[in-house]
Structure formats: C-alpha cells, structure tokens
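The values are calculated or read from the model by the stated rules, or taken from the named source; none is laboratory data. If you're wondering where the values come from, they're calculated on a predicted model, not measured in any experiment. No Cβ is skipped: glycine too gets one built from the backbone with ideal geometry, and neighbour counts run over all protein chains shown. For the accessible areas, the whole protein counts, side chains as well, though only heavy atoms, and no ligand, DNA or RNA atoms are used. Shrake-Rupley method; radii C 1.70, N 1.55, O 1.52, S 1.80 Å.
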Amino acid sequence: GQSSKSFLQKVGEKVYHKYPFAREQAARGTAEAFLKADDLTRISSKNDPLSLIDNSGSKSNINLNHKAILEIKDYLDVHGQVEGRKLMDYFSSAPYGWTKDTIRYISAAMLAAGEIVLKIGRDEIKIRKSAIAIQAYKKTQSFQKVGIRLREGKPNPDYLLKASERLATITGEQVIPLEEEISKCVVTHF
C-alpha cells in the first residue's frame, strides 16, 4: 500500500539523484525549435523548459552554470567526442533519468552557446541555425549518429559581451552576446 509506495519513491530519489537537474521535460520538437528561434531572448518557456536562457542581467545569455549543462560538459571533458546515442544513453540512465528529448534540447543550447561542436559526416558544425544541425536535432534517430565534443578555442565571453555592447552603441540594436548573433549583426550593418 502507501508504505511501499513511499519506500519506492525514496529509493527512486536516491538512485536518480541527478534527475532534478533536468526535471522539466522537453517536448519532442523543443531542440529543433530552440535552434530555429529568431530571437533567443523571446523564446517561449515551452521551448526553454529549463530556463537555460538567462534574461536576468542587462544582456540575455545561455546559463552555462546550469547544473544539467555542467554535467554534460564534465562528461564530454572526460570522454571526448561521443555519438549522440551514447550521450542520450548515459544521461537517460541512473543517476540522471533525463528524457532523450530533454538531452537533445540541453545540447542544442550548448551548441547555441558555442560550447560544443557537432561532427556530421565530414562537416564540423559550430552554429545553431545551420540547416545540417537543425536536421540532426529534429529526431532522436538522426541525433544518435551525430558526433559531439566540447569546442576548443572558443571566443572569450567577455569579448563577446564587449562586442555586443559596442554593436548596440553603433547600430542601436540589442545584440545577444553569442558568436552567431554578433556575426549576424555585423553582416547586416557592415
């Protein structure tokens, strides 16, 4: 009865003690919607269920200190490049128990932040709005074959913030301090 239910809940909480890092489950199309978003600052909570976009400061950015992102970064730091299948198998098992759609969404945010590189065939993808990346994140089956690794030599976040502030001063537009957004603004105005 009730006591066995309570016991199983306590056991489950111990076995899956990192589940709370990504408790809010992403829907099937969340990763793709996150990659396709025109403006990450205006992304709906449906497409950012873990609130990975941090709008608390003067600039919006992806919260790279989110526990789920840190867990994936640590895993990739130890294992190097892994296939999406291996990443999803690892984080859907104990002690995590995250859904595969949630794992894809978290890694999509990491791609948007410039934290990871995708290896798809001969291509290395570093930007979120790449048609190849969007196709890879569209379904669990396509994501399984994608190589994923931490990005080396990415731009310093302080430089990205300064560049976005200078572009805002020059163009009058608010620019998210992400490499892709800064590049897009420069191409548009210069």
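For this structure, a couple of remarks:
- Per the conditions (1) assigned to a helix (DSSP H, G or I); (2) open to solvent by less than 60 Å² (accessible area, probe 1.4 Å), the sole criterion not satisfied by residue 85 is (2).
- Candidate set: region 26-43, residues that are in a helix (DSSP H, G or I) and either among the small types (Gly, Ala, Ser) or more than 17 Å from residue 177 (Cα to Cα) (or both); chosen: the one most open to solvent (accessible area, probe 1.4 Å): 36
- The listed residue being touching an Asp or Glu at 6+ places or on another chain (Cβ under 9 Å) and modelled with pLDDT under 95, out of 148, 72, 132: 132
- Total residues in region 65-82, condition open to solvent by 30 Å² or more (accessible area, probe 1.4 Å) and of a type in the set (A, V, I, L, M, F, W, C): 2
- For region 119-148, taking the residues that are under 23 Å from residue 182 (Cα atoms), part of a strand (DSSP E or B) and not β-branched (Val, Ile, Thr), the one that is farthest from the chain's Cα centre (by Cα) is identified as 123.
- Filtered residues of region 49-64 (kept if part of a loop (DSSP other than H, G, I, E, B), open to solvent by 20 Å² or more (accessible area, probe 1.4 Å) and under 16 Å from residue 115 (Cα atoms)): 63, 64
- Hits in region 93-104 (condition: closer than 15 Å to residue 13 by Cα, in contact with a helix residue (DSSP H, G or I) (Cβ under 7 Å, 6 or more places away or on another chain) and of a type in the set (Ser, Thr, Tyr)): 96
- When restricted to residues that are under 16 Å from the mean Cα position of the chain (by Cα) and among the basic types (Lys, Arg), region 86-118 contains 2.
- Any hit, region 166-179, residues being loosely packed, with under 15 Cβ neighbours inside 10 Å and touching a residue at least 24 places away in the same chain (Cβ under 8 Å): no
- Per the listing 5, 10, 14, 46, the residue uniquely at pLDDT 90 or above, open to solvent by 50 Å² or more (accessible area, probe 1.4 Å) and not acidic (Asp, Glu) is 46.
- Set 35, 40: member being modelled with pLDDT under 95 and either under 12 Å from residue 105 (Cα atoms) or within 11 Å of the chain's Cα centre (by Cα) (or both): 35
- Residue selected from region 17-32 under the condition touching a Leu at 6+ places or on another chain (Cβ under 9 Å) and either under 17 Å from residue 140 (Cβ atoms) or among the basic types (Lys, Arg) (or both), by the criterion modelled with the lowest pLDDT: 23
- Region 17-28 residues that are among the aliphatic types (A, V, I, L, M), paired with ones that are assigned to a helix (DSSP H, G or I) and open to solvent by 100 Å² or more (accessible area, probe 1.4 Å) (beta carbon under 8 Å, 6 or more apart): 27/46
- If you go through region 88-112 and keep only what is outside any helix (DSSP H, G or I), on the phi < 0 side of the Ramachandran plot, open to solvent by 20 Å² or more (accessible area, probe 1.4 Å) and of a type outside the set (Ser, Thr, Tyr), you end up with 94, 95.
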